[in-house]
1. Does THR239 satisfy the criteria of being among the polar types (S, T, N, Q), out of contact with any Asp or Glu (no Cβ under 7 Å at 6 or more places or on another chain) and under 17 Å from GLY37 (Cβ atoms)?
2. Can you tell me which condition VAL112 does not meet? The list is (1) in contact (Cβ under 8 Å) with a residue 24 or more places away in the chain; (2) crowded, with 18+ Cβ neighbours inside 10 Å, and all the others hold.
3. Pick from segment 138-163 the residues that are modelled with pLDDT of 95 or more and out of contact with any strand residue (DSSP E or B) (no Cβ under 7 Å at 6 or more places or on another chain): which of them is surrounded by the most Cβ atoms within 10 Å (Cβ to Cβ)?
4. What residue, of ALA192, ALA232, ALA167, is of a type in the set (Gly, Ala, Ser) and farther than 23 Å from ILE57 by Cβ?
5. What are the pairs with Cβ atoms under 6 angstrom where one residue, in segment 200-224, is under 25 Å from ILE253 (Cα atoms) and touching a residue at least 12 places away in the same chain (Cβ under 8 Å) and the other, located anywhere, is surrounded by 10 or more Cβ atoms within 10 Å (Cβ to Cβ) and charged (D, E, K, R)? Sequence gap at least six, or different chains.
6. Criterion first (among the small types (Gly, Ala, Ser) and buried (at least 16 other Cβ atoms within 10 Å of the Cβ)) does GLY25 satisfy it?
7. Quick one: which residue in ALA107, ALA188 is in a helix (DSSP H, G or I) and either under 21 Å from SER27 (Cα atoms) or of a type in the set (Val, Ile, Thr) (or both)?
8. Considering every residue within segment 127-147, establish whether at least one is without any contact (Cβ under 8 Å) to a residue 12 or more places away in the chain, part of a loop (DSSP other than H, G, I, E, B), over 18 Å from the mean Cα position of the chain (by Cα) and under 29 Å from ARG7 (Cα atoms).
Amino acid sequence: MIEEPYRWVEAIANRREYIEHQLAGGSPIAALSYRDGILLFTLGRERQKLFEIYDRIGLGGIGHPGDIERLRMAAIEVTSTEGFARSADDVSLRRLANYSLSPVLKAAFEQVYGPPYLARMLFAELGRNGAPNLFLRLDYDGSIHTNGGAFGRAHEEFGVIAGTAPATAQMERFFREKHATHRPLDDALAIAADAWAIGHLALADEPHDALPAAEKIALHLHEQLATISIEAAVLERTTGLPMTWRALADQQIRPLLEKRV
């Protein structure tokens, strides 16, 4: 009986190692504030990774497609139910993450005899009435990381997810050096593409503190654009409509990025 807690801890450690290995190759996703709202950006070969959840909430996910879809549908159901029962203004990303999705992920992760969720998700919520935008990373174990603004932390106008912690850290460091909040969409796309390239490079490189040189970033992005498709969407503050989500077509973005590299 004394050994049981230790066996559980060991099982959790093995579970975490397994999930991290499964997620390690996931294509990074970058989200950042720009002049008219929020941009979500990634590159991929096959399946869709960016989704609308509710009027002002978007989602990007890496991991197993089935698990991402289950969590996406759960998020849509929760937000739609709350919006119908109360009002659209009552739908909140913090409530969705803290009271609905996080407990589900934590319970699945800690039940060592059941399958965990192989998913890492990035949510973005467009701020209302001058409030700042919210970026929230939700991991497979239910842990939540937000873009600050509380407990003495500076508010950050971006959010990222990647397959590994070093790749995530590199992307965050790059964004901290770039201030895109008041820039137009074209500039935000260029910054997001560079952030993606940095995260993608970090998946294969040995962990290090320094960011890659600009030439290395441009070359890697050029090579990847030749073989994979671009996926991007915006949550626009200036539409005048309840629906703020707008997907950006590959052919609309590609000439801009290829011209830069």
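1. Details: among the polar types (S, T, N, Q): yes; out of contact with any Asp or Glu (no Cβ under 7 Å at 6 or more places or on another chain): yes; under 17 Å from GLY37 (Cβ atoms): yes.
The answer is yes for THR239.
2. The number of the failed condition is (2).
3. ALA162
4. Values: ALA192 fails: farther than 23 Å from ILE57 by Cβ; ALA232 fails: farther than 23 Å from ILE57 by Cβ.
Answer to the check: ALA167.
5. ILE217/ASP194
6. Values: among the small types (Gly, Ala, Ser): yes; buried (at least 16 other Cβ atoms within 10 Å of the Cβ): no.
Against the criterion (among the small types (Gly, Ala, Ser) and buried (at least 16 other Cβ atoms within 10 Å of the Cβ)), GLY25 does not qualify.
7. Details: ALA107 fails: either under 21 Å from SER27 (Cα atoms) or of a type in the set (Val, Ile, Thr) (or both).
Selected residue: ALA188, the only one of ALA107, ALA188 that is in a helix (DSSP H, G or I) and either under 21 Å from SER27 (Cα atoms) or of a type in the set (Val, Ile, Thr) (or both).
8. No, segment 127-147 contains no residue that is without any contact (Cβ under 8 Å) to a residue 12 or more places away in the chain, part of a loop (DSSP other than H, G, I, E, B), over 18 Å from the mean Cα position of the chain (by Cα) and under 29 Å from ARG7 (Cα atoms).
The values are calculated or read from the model by the stated rules, or taken from the named source; none is laboratory data. What you see is a predicted model; the values in this text were computed from it and never measured. With ideal geometry, Cβ positions are generated from the backbone for all residues, glycine too; neighbour counts draw on all protein chains shown.
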